[in-house]
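The values are calculated or read from the model by the stated rules, or taken from the named source; none is laboratory data. Given the structure is predicted, the values throughout are model-derived calculations rather than measurements. Please note: Cβ atoms are built from the backbone with ideal geometry, for glycine as well, and neighbour counts cover all protein chains shown. Note: accessible area is taken over every heavy atom of the protein model, side chains too, but ligands, DNA and RNA are not part of it. Shrake-Rupley method; radii C 1.70, N 1.55, O 1.52, S 1.80 Å.
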Amino acid sequence: MLCDICKKREATIHIKEVKNGKCVSTNLCTECAKEKELAGGLGAFGFNLAEVIFNVGKMSEADKKADASEDKNNKEVREKESSLICPECGWNLAKMRRSGGKLGCSRCYTVFAKWVSMAVEQVQRSSVHVGKRPEKCGRSANAVKLEMDKLQLELASAVSAEEYERAAQLRDRINALKAEAAALQDATGEK
Amino acid sequence: MNQAIKRLLQNPVSFLTSVSADGIAISSRIRLSRNIAGLPFPIAATAESAAGVINELAPVCSRSAFVGEKKGMFFEIGKLDELERLLLLERRLASSELIKSKLPSALAVSNDESCSVMINEEDHLRIQVLKAGFDLAGCWQKINKLESELGKETEFAWDDELGYLTECPTNVGTGMRASVMLHLPGLVMTDQINATIHGIRKLGLAVRGIYGEGSDNSGKLFQVSNQITLGENEETIMEQLSAVIRQLIEYERRARRALLEKDRFALLDHVGRSFGLLQNSYKLSCAEAVEALSGVRFGVDLGLFQHLKIDTVNELFLELNPGHLQMRSSLALPESEQAVLRAKLFRTKLRERA
Ligand SMILES: [Zn+2]
Ligand SMILES: [Zn+2]
């Protein structure tokens, strides 16, 4: 049996896990298992990013069988994807898969946006950052709106719980965000 | 021996021996991942680009109010021998990825060892703050300042939607991993630990043993951390983690009470045997010592020892490690001789406290 990751070396490690009620087995060669362990551990986390990438790999494997009936367009897309390469650092999908979903540089986030968003969807709570930001960088209108929505909900629950002091604080923060959003709108409108 | 390493060996470890250390929560840590804009991440780096990262960051670190000259130490990992690297790992200042890195890598550490900045780990920068007890808020306060300070002199890789860009998309956004190390002998001895870990994982948090992967249960020590880094701000992530930690501490207290009421002799036997083993052995493996010391720590928490302080126990958790043992004897020793040395350490430290 060949290794699920590199599909070259003989698989020596066989892992069985129960996922969504189904038994899933993964077969790895020693080298890839080592790499996978470094990339986040075998089952040390509740999820493993590498698996997100594996599934992508398996999907295309299954699709290969249906290759005959596949229209030419789809095939071209796939070929194009497998030859995708980051012009900045030379990263490609094979490297991404082998490293357990890692990227080579900031530019990779754009080049492999499709796979990044798949990974983000599996692992993260949403796809927009709302925390700390560099002093020099303003926030995107989207992030401001997202935080505003969240605070509105908190405000509603604070009011219904009659926590007026907290509600007042929330209202102030919402007003500040409104001003920020308006400023952002102006800035983009002027362009 | 490297001079700064020598200084480290003299240092009491603030995150382990500070008086604020709680019985159940041993220490808290926050780590932020950052990269320099425009340079390839370490996984795609060449030796040249990696050296460039160090050249850019070393002067920034040396001017830092936290880890700068006179405030801290700076290590080029490539110039340290294996034992010196092990020492940094055991003191939790460096990760195993950093000390094994094939690229030029470096580490800046504050004198009190509460702050460290790893250069060319999985990301260009891994900034970390460690504190004794359950104090994520304190960690955040400090690391927030340290990160801002470094960010003033360096442009971090950033995207308006995704936040801070990291080598692995599992860290993107805040780039923050917050964790608390807990000693949970009550939950282990009452057989509730597996269900508890399962429950915590279901909440989207990670639980691991602290002596690396696979050693899930060693010393009944566990590390609980957040997994989500994108879509919530740092305060919210910490609050969600803290809520779970508070609950865990409460469960552990309850389990301890139940043991004291229903199974008092089993508990006393466990603590007594652990102490006896440490006090009377002439050869102790690392795993054996960790297990027994965990039992003694439990006894200290429960007030069963009059003269043994929790600080001493916490410090022994560090001193029993192979790197520390060998550095103290300034010799690289085979495992069997380390076991003799380790046993001697415990016999001496515990003799006067019986
Ligand atoms: Zn393989
Ligand atoms: Zn790239």
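Quick look at the numbers
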quantity	calculated
Qualifying residue in segment B:46-53 (condition: more than 18 Å from B:Gln3 (Cα to Cα) and touching a helix residue (DSSP H, G or I) at 6+ places or on another chain (Cβ under 7 Å))	yes
Residue count for segment B:38-67, restricted to those that are in a loop (DSSP other than H, G, I, E, B) and closer than 20 Å to A:Met96 by Cα	6
Condition broken by B:Asp216, with the remaining ones in (1) at negative phi; (2) at pLDDT 90 or above satisfied	(2)
Filter result (surrounded by fewer than 19 Cβ atoms within 10 Å (Cβ to Cβ) and at pLDDT 95 or above) within segment B:281-302	B:Tyr282, B:Lys283
Filtered residues of segment B:135-176 (kept if more than 26 Å from A:Arg97 (Cβ to Cβ) and small (Gly, Ala, Ser))	B:Ala137, B:Gly138, B:Ser148, B:Gly151
Test result for A:Leu155, over 22 Å from the mean Cα position of the chain (by Cα), surrounded by 15 or more Cβ atoms within 10 Å (Cβ to Cβ) and more than 22 Å from B:Ile36 (Cα to Cα)	yes
Output for segment B:125-158, where each listed residue is in a loop (DSSP other than H, G, I, E, B), out of contact with any Leu (no Cβ under 8 Å at 6 or more places or on another chain) and within 11 Å of chain A (Cβ to nearest Cβ)	B:Glu155
Among (1) assigned to a loop (DSSP other than H, G, I, E, B); (2) at pLDDT below 95, the one test that B:Glu121 misses	(2)
Selection within segment B:325-354 - part of a loop (DSSP other than H, G, I, E, B) and in contact (Cβ under 8 Å) with a residue 40 or more places away in the chain	B:Ser330, B:Ala332, B:Glu352, B:Arg353, B:Ala354
Top-ranked residue in segment A:105-131 [being more than 7 Å from chain B (Cβ to nearest Cβ) and more than 23 Å from B:Leu203 (Cα to Cα); ranked as surrounded by the most Cβ atoms within 10 Å (Cβ to Cβ)]	A:Cys108
Segment A:83-97 residues that are more than 12 Å from chain B (Cβ to nearest Cβ), paired with ones that are at pLDDT below 90 and more than 10 Å from ligand 2 (Cβ to nearest atom) (beta carbon under 7 Å, 6 or more apart)	A:Leu93/A:Glu81; A:Leu93/A:Ser82; A:Arg97/A:Ile5; A:Arg97/A:Ile53; A:Arg97/A:Gly57
So B:Glu167, is it farther than 30 Å from B:Gly23 by Cβ, touching a strand residue (DSSP E or B) at 6+ places or on another chain (Cβ under 9 Å) and surrounded by fewer than 24 Cβ atoms within 10 Å (Cβ to Cβ)	no
Test: residue in segment B:8-22 that is in a strand (DSSP E or B) and open to solvent by 10 Å² or more (accessible area, probe 1.4 Å)	no
Some residue of segment A:132-149 being open to solvent by less than 20 Å² (accessible area, probe 1.4 Å) and in a helix (DSSP H, G or I)	yes
